[in-house]
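Written below as structure tokens is the structure these notes are about.
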Amino acid sequence: MKLRLLLSGLIIAPLPQAVSAQQFQTQQVPQQAAPPKPPTAPKPAKPARPAPKKTTAAPAPAATVKARLLEKIKDWSVFVYEDANGRVCFAAAPPSDMQPKTAKRTPAIFYVSTWQKDGVRNEVSVKLGYSMKAKSAAMVTAGGKQFALTAEDDKAYPKDPAEERKLLAAMAAGGVMIVKATSTRGTATTDQYSLDGAPAAVQKLQEACP
């Protein structure tokens, strides 16, 4: 299912790799800890002297929002972010192996996400770390079954909710999940994900965002 994926700009620090994926910066917080303090707005730049003309100041960068690490379950992590608009929960994992090692990529990550406000549950997506070849698909193998995920720039999604449910069922079998895709430059990549902890992470996600 393709919902706008805010998961494309976040840094998940607790994961083994520093991974960019949502527009949140994750923060590991013990249970019942006080919510993180809002970031301090940057001080305005000192105007030049003398100012021959009034100039329009450049917009300040957007404040970083923080997602809270709810639980680390083996090779998967569960995060939650909430504000006045509702709660977003997601389980995520980086690849345990990426081939070829020489390929230039931003961090890759596999997600299962729930958006309470939008009524979206257990949305599956994978961030490849590069723009995918046009009209191509990311091939995912899990539980002895193969799935074609539709490419959308540097991300890929199952074609419909039914396929999404089948993929989640295959992931629940555990073992290893393989993701193969091709970049716009024609570089074929193969990423390996451990599914150790994935079923429990999805269960925790469902409990956090029922």
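The values are calculated or read from the model by the stated rules, or taken from the named source; none is laboratory data. Predicted model only: the values in this text are computed from it and were never measured. Methodologically, a virtual Cβ is constructed for each residue, glycine included, from the backbone with ideal geometry; neighbour enumeration extends over all protein chains shown.
Quick notes on this structure:
- Pair list, Cβ < 6 Å and 6+ apart or interchain, from the stretch 75-97 residues that are in contact (Cβ under 8 Å) with a residue 40 or more places away in the chain to residues that are acidic (Asp, Glu) and assigned to a strand (DSSP E or B): Val78/Glu71; Pro95/Asp191
- Residue within the stretch 123-143 that is touching a strand residue (DSSP E or B) at 6+ places or on another chain (Cβ under 8 Å), closer than 12 Å to Val179 by Cβ, part of a strand (DSSP E or B) and without any contact (Cβ under 8 Å) to a residue 24 or more places away in the chain present: no
- Complete set of residues in the stretch 90-127 that are more than 19 Å from Ala188 (Cβ to Cβ), modelled with pLDDT of 95 or more and among the charged types (D, E, K, R): Glu123
- Residue satisfying all of: in the stretch 80-118; acidic (Asp, Glu) and assigned to a strand (DSSP E or B); farthest from Lys180 (Cα to Cα) among these: Asp83
- Looking only at residues in the stretch 151-176 that are within 16 Å of Ala108 (Cα to Cα) and not in a strand (DSSP E or B), the one that is nearest to the chain's Cα centre (by Cα) is Asp154.
- Residue match in the stretch 80-89 (condition: farther than 22 Å from Pro199 by Cβ, modelled with pLDDT of 95 or more and surrounded by fewer than 21 Cβ atoms within 10 Å (Cβ to Cβ)): no
- Any hit, the stretch 172-185, residues being over 19 Å from Ala91 (Cα atoms), touching a residue at least 60 places away in the same chain (Cβ under 8 Å) and surrounded by 15 or more Cβ atoms within 10 Å (Cβ to Cβ): yes
- Verdict on Ala148 being in a strand (DSSP E or B) and either crowded, with 21+ Cβ neighbours inside 10 Å or of a type in the set (Ser, Thr, Tyr) (or both): no
- Residue within the stretch 188-209 that is surrounded by fewer than 16 Cβ atoms within 10 Å (Cβ to Cβ) and part of a loop (DSSP other than H, G, I, E, B) present: no
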